[in-house]
Amino acid sequence: MKVLHAAAEVYPLVKTGGLADVLGALPEALMAAGADVRLVLPGLPAILEGIDSPKVVCELGAAFGAGRVTLRLGRLAHNQVAAYVVDAPYLYQRPGNPYLAPDGGEWLDNLQRFGLLGWVAAHLAAGELDPDWTPDVLHAHDWHAAMACAYAACHPPTRAGVVYTIHNLAYQGLFDLGDFSLLGLPSRLLVPGGLEFHGQLSFMKAGLKYAHRITTVSPTYAAEIATDAFGCGLDGVIRARGSDVSGILNGVDGTVWNPASDRLIAAPYSDRAPDGKALCKAALQQELGLAVDASAPLFAVVSRLTSQKGLDLVLDALPALLDGAVAGGAQLAVQGNGDPALEMAFAQAAATHPSRVATRLVYDEALAHRMLAGADAMLVPSRFEPCGLTQLYALRYGTVPVVRRVGGLADTVVDADEAAVLDGRATGFMFGPATPAALAQALAQAVSAYRQPALWRRLMLRGMAQNFSWAAAAGQYMALYREISPGAEARTLSA
Ligand code: ADP
Ligand code: GLC
């Protein structure tokens, strides 16, 4: 089974969120399951630098506004997974965030930048760019790679089955309809039943309309996006795909996230020898300038600061966490960047309570490991969450998650209600309504459990024993690939 993954991010080279972690781990898990996997990535500076001995596969000449496009093939330096890189300096040779210009707005030519990525992926899938390797399955991730599905559907020689994975339905890749002609696609696609979305051109819809199968990253989110509340205006399109849509839960890359072997944390620990965690906590409190106090429950946030993540609820619940009757006496450490208003509010909270609230408005992979290891509990109060990886890492690090009952959070955390505590299944705390009061109540429950050391230890150890493995996810993707690879019957779709 030859599988080509098309995506814009891959850990550790380019990462803005969990998408990169998925592309950093899933290919190897699929290879362990027997697949022959390659990636196709945009030639961003960090990607070109992170590829070992790239060779020219073909010169594509001028395309999508770029004067020169070269397709190279090499191996990712850190794990030796084979990767095609679309080297188009005019479009990709830019520092910083892959999607945003230094002024914080989208790059004005994102349509061309990610249209080209999809175009190359589709032509690789049709066997036209690399005569030595034609995939059986093209697997495109998020709107950045979604156009691959439209190009493949418009190109009859394509035999590959096409899978599209939604990592986040809220980011859709919307562009001016007038720019459609830059994509070189037939105009019959520019209808509401095709790529048009309320007077705009939607890359997301290319995946939703033209892939043979659609997946998202948890079963609960797969059900949620078929509803008005979570469908971001596309729930009708998703419902129309019926059983073509499914949810496959992400996993944890144990080579990166494992407290027993993590070199980025103050002391290693494991479920059998958990003592190092107390050292990690003291080291983190010291590093962040918090009171070094083993008895104060330390809650952490490691997150993009966006409305998705519900962190305004944390700000509103902060008085309860710091001074409330039950939850009082806790500490809060926040790492993240994004929305300026949230950044300012968390910085302000830290300035007001310097020994009890710490804020680091940075993107810093090593600090994220120290936060995961040093905190007692991890807050993920998201308004919606396709899967969520930080709560999975938290479980692994014995850092008890406090999450909202939504999407992948609901699928991966077992709330410490009475029954689950009694029978030992509980791994964290969950709240329902997206309100400060509901979060404050979950925080109070968490602090009260923290004050019962035997109970807290049981929660920690149960969480550490969870196994969210990429092997399990890879097995499910392989089954899906088999349904749609060339020769399989269950394929009916063309543009
Ligand atoms: P999302 O992809 O929606 O941001 P996930 O929970 O799936 O959410 O993945 C987030 C990933 O990004 C995790 O690996 C998390 O550790 C990382 N992350 C988020 N914010 C930061 C930050 N400020 N510094 C370092 N890593 C971060
Ligand atoms: C998205 C989602 C997140 C998910 C990640 C990886 O960024 O917001 O929930 O874990 O993709 O699939």
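Which of the residues spanning region 147-197 are within 20 Å of the chain's Cα centre (by Cα) and among the β-branched types (Val, Ile, Thr)? Within region 147-197, Val163, Thr165, Ile166 meet the criteria. Taking the listed residues Ser218, Ser181, Ser202, the one that is among the polar types (S, T, N, Q) and free of Cβ contacts under 8 Å to residues at least 12 places away in the same chain is Ser181, with no other qualifying.
Checking the structure you have, find out if any residue of region 196-212 is out of contact with any helix residue (DSSP H, G or I) (no Cβ under 7 Å at 6 or more places or on another chain), open to solvent by 60 Å² or more (accessible area, probe 1.4 Å), over 30 Å from Gly105 (Cβ atoms) and in the same structural domain as Leu124 (by TED's automatic domain parsing). No, that holds for no residue. Scanning region 131-177 for residues that are away from ligand 2 (no atom under 16 Å from the Cβ) and farther than 18 Å from Pro27 by Cα yields a total of 19.
Filtering Pro156, Pro219 for residues that are out of contact with any Pro (no Cβ under 7 Å at 6 or more places or on another chain), at pLDDT 95 or above, of a type outside the set (Phe, Trp, Tyr) and open to solvent by 10 Å² or more (accessible area, probe 1.4 Å) leaves a single hit, Pro219. From the list Asp364, Asp339, Asp316, Asp323, the lone residue that is in the same structural domain as Ala444 (by TED's automatic domain parsing) and touching a Pro at 6+ places or on another chain (Cβ under 9 Å) is Asp316. Against the condition out of contact with any Gly (no Cβ under 9 Å at 6 or more places or on another chain) and closer than 28 Å to Ala465 by Cβ, how does Gly424 come out, does it pass? Yes, satisfied. If you filter region 246-264 down to residues that are within 16 Å of ligand 1 (Cβ to nearest atom) and either among the small types (Gly, Ala, Ser) or more than 23 Å from the chain's Cα centre (by Cα) (or both), you find that the one that is farthest from Thr412 (Cα to Cα) is Gly254.
Among the residues of region 383-390, some residue qualifies, meaning at least one is under 21 Å from Leu284 (Cβ atoms) and either within 15 Å of ligand 2 (Cβ to nearest atom) or crowded, with 24+ Cβ neighbours inside 10 Å (or both).
Taking Arg113 as the residue in question, decide whether it is closer than 25 Å to Ala479 by Cβ, in the same structural domain as Gly194 (by TED's automatic domain parsing) and among the basic types (Lys, Arg).
no
Residues that are more than 15 Å from Ala358 (Cβ to Cβ), part of a helix (DSSP H, G or I) and free of Cβ contacts under 8 Å to residues at least 40 places away in the same chain: does region 279-292 have at least one? For region 279-292, residues more than 15 Å from Ala358 (Cβ to Cβ), part of a helix (DSSP H, G or I) and free of Cβ contacts under 8 Å to residues at least 40 places away in the same chain: present. Within region 274-328, count every residue that is of a type in the set (S, T, N, Q), within 15 Å of ligand 1 (Cβ to nearest atom) and in contact with an Asp or Glu (Cβ under 8 Å, 6 or more places away or on another chain). Number satisfying all stated conditions: 3. Scanning region 29-56 for residues that are closer than 19 Å to Thr255 by Cβ and either within 16 Å of ligand 2 (Cβ to nearest atom) or of a type in the set (Ser, Thr, Tyr) (or both) yields Ala29, Leu30, Leu39.
From the list Tyr477, Tyr450, pick out the single residue that is modelled with pLDDT of 95 or more and either loosely packed, with under 15 Cβ neighbours inside 10 Å or over 17 Å from Asp136 (Cα atoms) (or both). Only one candidate qualifies: Tyr450. Tell me yes or no: at least one residue of region 362-381 is under 28 Å from Gly231 (Cβ atoms), buried (at least 21 other Cβ atoms within 10 Å of the Cβ) and within 8 Å of ligand 1 (Cβ to nearest atom). Yes, because at least one residue in region 362-381 is under 28 Å from Gly231 (Cβ atoms), buried (at least 21 other Cβ atoms within 10 Å of the Cβ) and within 8 Å of ligand 1 (Cβ to nearest atom). Looking only at region 307-336, which residues are surrounded by fewer than 17 Cβ atoms within 10 Å (Cβ to Cβ) and within 16 Å of ligand 2 (Cβ to nearest atom)? The answer is Ser307, and nothing else. Checking every residue in region 313-320 against the condition of being under 22 Å from the mean Cα position of the chain (by Cα) and in a loop (DSSP other than H, G, I, E, B) gives zero matches.
The values are calculated or read from the model by the stated rules, or taken from the named source; none is laboratory data. Quick caveat, the model's predicted, so the values are computed rather than measured. When we count neighbours, we look across all protein chains shown, and the Cβ atoms used for this are built from the backbone with ideal geometry, even at glycine. Ligands, DNA and RNA are excluded from the accessible area calculation, which covers all protein heavy atoms including side chains. Shrake-Rupley method; radii C 1.70, N 1.55, O 1.52, S 1.80 Å.
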